[in-house]
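What follows draws every value from the coordinates through simple rules; no lab data is involved. Given the structure is predicted, the values throughout are model-derived calculations rather than measurements. Positions of Cβ are backbone-derived with ideal geometry, glycine not excepted, and every protein chain shown enters the neighbour counts.
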Amino acid sequence: MKTVILTILVFGVIIMLHESGHFLFAKLFHVKVEEFSFGMGPKLWSRIKRGTQYTLRAFPIGGYVAMEGEDDAGSGAAEGGPLYEKPAWQRFIIMAAGAVMNVILGFIILIVVTAMSGLIGTTTVAVFDEDSVSANYLQAGDEIIKVNGYNTRFYGDATFQMLRDQDGTIDFTLIRDGEVMEVTVPFRTEELSDGITGMHMDFKFLGEPVNFSNTITYAWHWTFSLVKQVWYSVIDVFTGRYGLQAISGPVGTATIISQASSQGLRSFLLLVAYITINVGVFNLLPLPALDGGRILFVLIEMILRRPVPLRFEAWVHRIGIILLLGLIAIVTFSDIIKLIH
């Protein structure tokens, strides 16, 4: 029961914040919002104010903002105008606002998580484990600036790219004694239970004491490091680097939330930051039915200087929703199988 409540709470807050971003900017640009719903399913309560129906529904697992003219020409506006009549730049902001709100929430949470930490990571090598392989190639004090060709100005960038490596042999670009040099380092690897090759990271990065100024800076870099990690991860899935077993849906995420909550407040907050940033960035993917798909049509309109036919765009998004629901069903089934195993 605790897991269910925490999962509903986490996703409820994240999704409602996302929808609030769309809602606030739709109101700001005088778009008629027909309904602002908290939850999905049967209606429990509703109230109409200034032409918008505010609704509480039975299942607190999401929510939505229904704007007139979002997928069709609409039926006229009681207060405000339909979305399709607004300038392209306003529609762009309205569609992107939900994801931006998610990233902002992640940034705020990461400020708290950083402040709770005794040390924050750097990209400077500090110490090596016993029997470390990398100690034969790296030295304490080396500042790593690239991993396998990817820039790593932030601690999270370096660790992510190292863990993303597939063959256990990593090319580092580093600064040693003021000189830039290239070093190739082999690491021990092992086959994990999910079929992914895991690398044994046998050294630790230097930590710096937390203070007020570096807390904000670190959280800022951490936020955008996570944004990049989501994009890299999505690309890795689409290119076949990772299979279906590496993706978690609602069931798998609920399990992870339960595990994180049992490890303390910091671990729980860190997971919530990861989830909200994932939700925000994923929604910006240029796929039908997602905010990114709608933004793509707006960008096409800006380039061609004429709008894409509303009916065509509506059908594209409807097909996208069907495909997205199918993907969620497949991933959920995979989560259940992993739980059984």
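At an R0 of 30 angstrom, the distance between the Cβ atoms of Ile319 and Phe59 translates into a FRET efficiency of 0.75.
Ranked from largest, the principal axis spans of the Cα set of the chain equal 72, 49, 42 Å. Taking the Cα centre of each part, how many Å lie between region 294-316 and region 79-113? With region 294-316 and region 79-113 each reduced to a Cα centre, they are spaced 19 Å. Sorting 171-181, 292-302 by their mean Cβ neighbour count within 10 Å, with the most densely packed peptide first, gives 292-302, 171-181.
Computed from the C-beta positions of Ala140 and Met116 and an R0 of 22 Å, the FRET efficiency is 0.20 to the nearest 0.05. Inter-label distance, Phe238 to Ile256: 2.0 nm, where each label sits 7 Å from its Cα along the C-beta direction. Checking the cross-link pairs Lys43/Lys86; Lys2/Lys228; Lys146/Lys204; Lys86/Lys228 against a 21 Å limit on the alpha carbon distance flags Lys43/Lys86; Lys2/Lys228; Lys86/Lys228 as lying beyond it. Rounded to the nearest 10 degrees, what's the angle between the helix 265-283 long axis and the longest principal axis of the chain, both from Cα atoms, 0 to 90? Between the helix axis and the principal axis of the chain, the angle is about 60 degrees.
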